[in-house]
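Every number here is computed from the coordinates shown, using simple stated rules; none is lab data. Note that the coordinates shown come from a computational prediction; the quantities given were computed from them, not determined experimentally. For neighbour counting, all protein chains shown are included, and Cβ atoms are generated from backbone atoms with ideal geometry for every residue, glycine included.
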Ligand SMILES: Nc1nc2c(ncn2[C@@H]2O[C@H](COP(=O)(O)OP(=O)(O)OP(=O)(O)O)[C@@H](O)[C@H]2O)c(=O)[nH]1
Ligand SMILES: [Zn+2]
């Protein structure tokens with residue numbers, strides 16, 4: 001598409017135009033199209049190709065977390081890089097490299113022939129970041145060279161992109177809740193993204209230092225009553241508690257600690273194989289927590305709130321509000337009773353993620 005057909009992007013300058021290209025890159029990758037990251041390679045999601053197939057002449061790009069799971073330590077990338085490139089070998093099935101579901105059933109022989117990325121590492125890291133934003137498994141086919149009529153995305157733009165930097169309030173309305181009839185909803189949209197839309201519930205009359213809960217979406221827990229986590233009871237208890245004194249509940253659409261619903265369900269399949277919630281994320285190639293928790297501070301900034309009491313057991317959330325310019329005057333513990341299905345999950349959060357339970 002020519003620039004003349006995108007007047008609003010051009011009017012607001014090159015910066016916005018390249019942000020839009022990043023958003024298009026996310027969409028293209030999700031739809032199974034090839035994307036080029038500037039100064040890097042052609043990238044295509046492994047999931048876009050049928051099992052057994054491959055992109056001709058392409059290598060594979062995976063994250064350091066997935067590489068560690070596959071015990072790939074024979075290259076510099078193991079020390080702090082954001083991407084690992086594997087030369088394709090005849091025995092290597094790309095889908096099995098990308099998806100850990102069969103790791104235990106069919107262990108790899110190896111060794112994996114890794115390729116030094118050199119200066120292309122930035123573009124490779126950016127390409128994997130795009131895959132994560134598209135809620136795909138972070139595993140890509142990569143091939144040198146250009147492809148005609150393909151979107152070219154700027155690596156720096158991908159790497160510096162923050163959800164919190166582009167929030168707009170799009171609606172504000174009354175939303176009486178069963179447990180808190182005096183509630184208003186404020187809906188936010190993340191600019192340049194088709195979704196997701198984040199919500200703030202303003203419950204009762206918040207004081208100068210309101211009680212705030214930052215909740216991350218959990219379809220299985222919030223909506224279906226899953227016993228695997230504590231999200232549903234935490235959500236309901238937070239609403240009831242905030243209703244008693246006035247405050248806010250921020251509902252972030254960052255399902256599965258930011259890896260998306262389908263990847264969270266892949267993580268659950270790994271948990272059925274015996275891995276805990278942290279190792280399941282790492283085996284899939286994600287960090288243990290992929291959320292952009294500074295969104296919470298950005299939302300409160302739009303609502304004019306600078307000091308809060310925060311309902312959480314998670315020290316990362318306290319740090320994220322402080323980093324985003326909202327002072328956490330007090331952390332208020334939010335522990336709900338365990339059940340036989342989530343006891344191990346809660347213990348992992350305490351022992352491996354520093355939750356104060
Ligand atoms: N990837 C992954 N995500 C999970 C799993 N279990 C729950 N989640 C997600 O974890 C998130 C829980 O977020 P929060 O309720 O904000 O809680 P928290 O980070 O544990 O911190 P608290 O404020 O102490 O409750 C939700 O996005 C859930 O979808 C899991 O096993 N794997
Ligand atoms: Zn949950």
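Describe numerically, in nm with one decimal, the distance between label points set 7 Å from Cα along Cα→Cβ at residue 147 and at residue 352.
3.6
Relative to the longest principal Cα axis of the chain, at what angle does helix 261-272 sit, 0 to 90 degrees, rounded to 10?
80
Given the options 166, 105, 48, which has the most mean-square fluctuation in a GNM of the chain, springs set between C-alpha atoms less than 10 angstrom apart?
Largest GNM mean-square fluctuation: 105.
Sorted from largest down, give the three principal axis spans of the alpha carbons of the range 12-160, whole angstrom values.
52, 32, 25
Just rank 33, 65, fewest to most, by other beta-carbon atoms within 10 angstrom. Intermediate results must be reported in sequence, preceding the final value.
Working: 33 15, 65 19.
Ranked by crowding around the Cβ, least crowded first: 33, 65.
Could you order the peptides 261-270, 130-139 from most to least packed, using the average number of other C-beta atoms within 10 Å per residue?
Numbers: 261-270: 18.4, 130-139: 23.4.
Output ranking for 261-270, 130-139: 130-139, 261-270.
On a 0 to 90° scale, report how tilted helix 121-133 is relative to the longest principal axis of the chain, with both axes built from alpha carbons and the result rounded to the nearest 10.
50
With a ≥ b ≥ c the root eigenvalues of the C-alpha gyration tensor of the chain, is it rounded (a/c under 1.5), prolate (a/b larger than b/c) or oblate? Please report the intermediate quantities before stating the final value.
Numbers: a/c = 2.30, a/b = 1.40, b/c = 1.64.
Cα axes put the chain in the oblate bin.
May I ask for the distance between the Cα centers of the range 92-128 and the range 241-316, given as a whole number of Å?
27
Measure nothing but the geometry: give the 0 to 90° angle between the long axis through the Cα atoms of 14-30 and the longest principal axis through the Cα atoms of the chain, rounded to 10°.
80
Under a crude label model (7 Å from the Cα following the beta-carbon direction), how far is residue 166 from residue 245 in nanometres?
3.8
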